[in-house]
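Each remark here refers to the structure printed beneath this line.
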Amino acid sequence: MKALVAIIFLLVFSVANAQHGASKVPYDAAKMQWFEDAKLGIFIHWGIYAVNGIPESWSFYNKQISYKDYMDQLKGFNAKNYNPSEWASLFKEAGAKYVVMTAKHHDGVALWNSRLSDLNVVKKSPAKRDLLAPYADALRKEGLKVGLYFSHLYWSHPDYASVTQVGMENTPNDKRNLLSYPLQGKEDPARWQKFIRFHRGQLKELATGYSPDLLWFDGDWERSAEQWNMRELRDSLLRWNPGMILNARMNGYGDYLTPEQGVPITRPNGKWELCMTTNDSWGYQHNDKNFKTPRQIINIFAECIAMGGNLLLDIGPKADGTIQEEQVAILKTLGSWNRKHAEAVYPTEAGLPFGHFYGPTTLSKDSSTLYLFLVAQPWDEIAVKGIRNKIKSVRVVGSNEQLTSRKMGGASWLNIPGILYITKPKQYDENLTVVAIDLEGKLDLYHGSGGAVEHN
């Protein structure tokens, strides 16, 4: 039974991810410019699940805990040490340019005083206050863009499980989770439309009440784009807040892609952002001590920006609003590295295609400086293939140590460049060393497959 349910979930999730990849809206370069240049964002999963330190929403959906026991966590969610100014200062120190916080997860618990539902921390928890307004104010004071996470799913709403996802109508009753879908023969389209009006109402509260720069959606996979009426939703959101960016979890009506937890092997088409946890959990779980090291996170960050993407790095505050020491340490180390290597990060573009250099690379906006991220220390020299330009200088970012370079091989009369060899740095950064190659002119890169040199 569990295996079958898992297979069904994976199939649905795969279809949802495929839908995320096919954008149905034109790309707005002007609106997206700040996002392209941002490189680093912070994801915050904060909600009542932090009280017991259990998985957010999924714990009751998958019957690891009863719904009642899950919701009883509201009694312990006090946010007594919540200091959004300290949060914002830490995120800025880390080098982040935007932040996304869970305004409402699949459980339906809102972090603001929604006029449409009493299921919020203002009315139902000891926190007794809107947690979004001070968050947004604190970020803006630090010059950070404001993002809000909102799940389309609402496993607590009486009208949500009123229709079945298109294509799953024949799923047997014993395979249906009644938090998501009604029993066969119990479809109620009128109740679904009632829920849609509620769904739009809460989103209007967020879009107009907090003016977010970005709405980060989740949970579109339980209904089709037509059932959600995503085209109309996009139009409404941009009418309420014209400059707002929307992520891809809108069945094709978002602005950028959101791969999750794993660095893409192939560069995604279009603008994208990897969302990834610092340990194995999105929200605070006291038993999860499997934290990635700062070095691992910095290397993953380099891989993302080298392929033209951003990293949205997740933290999970405790129920009182404090952030775990391990996560604070990660953010501070990441920030120290970012300050030292800022020119190789902000704002840059995707670097060399695979095969030219064995490691991540970025390129300055004017295409005249190439940055090499040395994920491993070379045995002798650093090798780069395909650069036709003359080299003005080679240096270690952050120390200005000058390195020497030479080209060997190639056939210049056929415009086939040799391999560029660069001497090793004398000192390496403890997390990730970056080498800058200053070029004469814009990068001129050879992409050929080679062939016989028939004349000299």
Original post:
Separation between the Lys426 and Val263 pseudo-spin-labels, each 7 Å from Cα along Cα→Cβ, expressed in nm?
Top reply: 3.0 nm
Subject >> Stokes-Einstein D (µm²/s) once Rh is taken as the Kirkwood radius of segment 202-289 over alpha-carbon pairs, at 37 °C in 0.692 mPa s >> reply: 222 µm²/s
**OP:** Rank these residues by their accessible area, most exposed first, probe 1.4 Å: Met168, Met101.
**Re:** Met168, Met101
Original post:
Got a number for carbon plus sulfur as a percent of segment 356-456's accessible area, 1.4 Å probe?
Top reply: 48 percent
Original post:
At 222 nm, what helix-only mean residue ellipticity would the chain give, in deg cm²/dmol to the nearest 500, using -39500 (n - 2.57) for each DSSP H run of four or more?
Top reply: -8500 deg cm²/dmol
Subject >> Cα pair distances exceeding 24 angstrom across segment 39-192, given as percent >> reply: 43 percent
Subject >> Loop sites in segment 360-403: trypsin sites (Lys or Arg not before Pro), DSSP, at most 12 other Cβ within 10 Å >> reply: Lys365, Lys390
Original post:
Which distance in nm do the two modelled labels at Lys68 and Val166 give, with both placed 7 Å along the Cα-to-Cβ direction?
Top reply: 4.0 nm
**OP:** May I ask you to give the solvent-accessible area per residue for the chain, in square angstrom, as obtained with a 1.4 angstrom probe?
**Re:** 44 Å²
Original post:
Quick one: if you take sqrt(5λ) for each eigenvalue of the C-alpha gyration tensor of the chain, what semi-axes come out, biggest first, whole angstrom?
Top reply: 45, 25, 20
Original post:
Dimensions of segment 234-392 along principal axes (Cα, Å, largest first)?
Top reply: 55, 42, 26
**OP:** Return the long-range amide H neighbours of Asp444 (sequence gap of 5 or more, or a different chain), with a cut-off of under 5 Å between placed amide H atoms.
**Re:** Arg388, Asn389
**OP:** Quick one: check the C-alpha center-to-center distance for segment 72-105 versus segment 320-383, whole angstrom.
**Re:** 26 Å
Original post:
Can you give the alpha-carbon Rg of segment 330-456 over 2.2 N^0.38 Å, where N counts its residues?
Top reply: 1.10
Original post:
Accessible surface of Lys424 in the full protein assembly, 1.4 angstrom probe, to the nearest 10 Å²?
Top reply: 80 Å²
Subject >> Unit charges at the beta carbon, dipole of the chain: most positive-side option, Ile265, Gly201, Tyr346 >> reply: Gly201
Original post:
Of the beta bridges DSSP finds with both residues in the chain, what % are antiparallel, to the nearest 5?
Top reply: 50 percent
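The values are calculated or read from the model by the stated rules, or taken from the named source; none is laboratory data. All of these numbers come straight from a predicted model, not from anything done at the bench. All Cβ positions, even for glycine, are placed from backbone atoms using ideal geometry, and neighbour counts span all protein chains on display. What goes into the accessible areas is simple: the full protein's heavy atoms, side chains included, and nothing from ligands, DNA or RNA. Shrake-Rupley method; radii C 1.70, N 1.55, O 1.52, S 1.80 Å.
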